[in-house]
Amino acid sequence: MFPAAAPSIYQSPKCLVTCGSMGHVDTNQAPRKGKPWSSVMSLDFIHKVDLILPTEAYDAVNEHLANTQKPPRYSRVVMSLGDIVQGDFFTEYIRKGDIMMLSEGQTTVDTLFTLHEGVLTMFVDKETFERAGLPGKPYGPKGGRASKPRWVITLNLRDPSMIRGKKGYDRLIYACKTVFTQPKTWLFCDKTIQTPSPDPLQPFFPTAFTSTPNLSRGLPILQPSLEVGPEVLAENDREALEWFATESYEWVSLVRLGSPRVESQDSIDPYLSRYCVPGEATSASKICKLSWEGFMSAPWLRGLLMEVLAACPSGTWFSLSATCFSKSVSGNSDDLTILKPPNAAGKYLMWEIKASD
């Protein structure tokens with residue numbers, strides 16, 4: 001038997017592959033249940049979104065998105081934890097509204113705060129945890145002498161007990177006044193359409209941003225077959241599906257990166273790179289890539305997927321990828337890619353990358 005891996009905070013991410021079909025999508029009623037929608041809504045703090053589609057389908061999709069999909073907006077603001085969990089900000093944005101916030105820091109070394117769907121999560125070291133006096137649990141695997149223990153505190157701020165005079169809420173306010181006093185830089189996103197008036201965020205002088213898409217048009221690529229063989233599904237050939245999914249995901253990832261290895265005229269020395277576009281039925285084509293960067297929510301991504309499905313002709317392929325913010329080491333983040341194969345109405349192939357954090 002192979003020896004067990006040494007405990008470490010830096011665990012390898014996992015990749016989950018789903019091949020399935022989705023029903024008719026009603027743009028007036030956003031779906032939440034069933035894949036791929038449940039996977040989309042499970043994402044928390046999205047940093048980058050890439051939409052890749054053939055050049056001939058770009059004009060129709062872009063015109064449709066311009067009329068239906070608003071660009072994501074977010075803000076950067078400096079606030080202390082006490083500013084967030086009390087006052088008008090707490091009442092209007094957390095108790096009544098639906099916001100998400102991510103502070104500076106990392107889960108592995110710093111104090112990191114996240115606020116998502118009313119749940120406040122705090123990643124702290126052992127000393128801070130003991131001083132705060134809030135209920136929590138150990139975070140990450142138990143390390144050796146070189147690693148310091150980490151703790152995570154989770155509080156549902158929408159719980160009925162989170163009001164002044166209740167023990168849990170008063171302990172949180174006390175911790176904000178004695179332990180979590182240092183202001184932090186936050187990213188703020190309001191997932192609702194209507195902003196409270198007056199806006200409780202304005203006294204903290206936020207810097208507003210709008211994520212405008214970056215367009216790369218007419219990129220010449222060598223495209224493999226993006227359709228799962230019917231014999232693979234008919235025979236339930238797990239190994240063949242895994243092989244196809246791995247090669248397809250590698251190709252989509254290289255297209256996202258803008259790698260010259262997938263260009264139709266690529267002629268690199270095989271001594272430097274042995275990669276070649278998979279399959280024998282490859283064809284030269286041109287694609288467009290729309291990229292958004294910022295601080296985006298899962299409902300916005302769901303709306304984008306719905307509108308792209310509505311605008312794309314049934315025989316057109318596209319891929320939609322979303323990468324979340326990393327909360328620990330750089331590059332270790334959740335990622336989701338959905339591929340709609342050509343000439344396969346309702347079919348999709350989805351990759352979910354689950355990071356260790």
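The values are calculated or read from the model by the stated rules, or taken from the named source; none is laboratory data. Here the structure is a predicted model, which means the values were calculated and not measured. Ideal geometry is used to build each Cβ from the backbone, glycine not excepted, and the neighbour counts take in all protein chains shown.
Some points to look at:
- Boolean, Lys191 is free of Cβ contacts under 8 Å to residues at least 24 places away in the same chain, surrounded by fewer than 18 Cβ atoms within 10 Å (Cβ to Cβ) and either more than 26 Å from Gly294 (Cβ to Cβ) or under 23 Å from the mean Cα position of the chain (by Cα) (or both): no
- Residue under evaluation Pro200, criteria (1) surrounded by fewer than 14 Cβ atoms within 10 Å (Cβ to Cβ); (2) part of a loop (DSSP other than H, G, I, E, B); (3) not aromatic (Phe, Trp, Tyr), criterion not met: (1)
- Check on Ser297, out of contact with any Phe, Trp or Tyr (no Cβ under 6 Å at 6 or more places or on another chain) and at pLDDT below 95: no
- Segment 36-116 holds strands (runs of 3 or more DSSP E) entirely within its bounds, and those carrying 2 or more residues that are exposed (fewer than 15 other Cβ atoms within 10 Å of the Cβ) and more than 16 Å from the chain's Cα centre (by Cα) map to 73-79.
- With respect to the conditions (1) within 14 Å of Met101 (Cα to Cα); (2) polar (S, T, N, Q); (3) assigned to a loop (DSSP other than H, G, I, E, B), Thr185 falls short on a single one, namely (3).
- Within segment 209-234, the residues that satisfy the criterion of being over 30 Å from Arg76 (Cα atoms), surrounded by 11 or more Cβ atoms within 10 Å (Cβ to Cβ) and among the aliphatic types (A, V, I, L, M) are Leu219, Ile221, Leu222, Leu226, Val228, Val232, Leu233.
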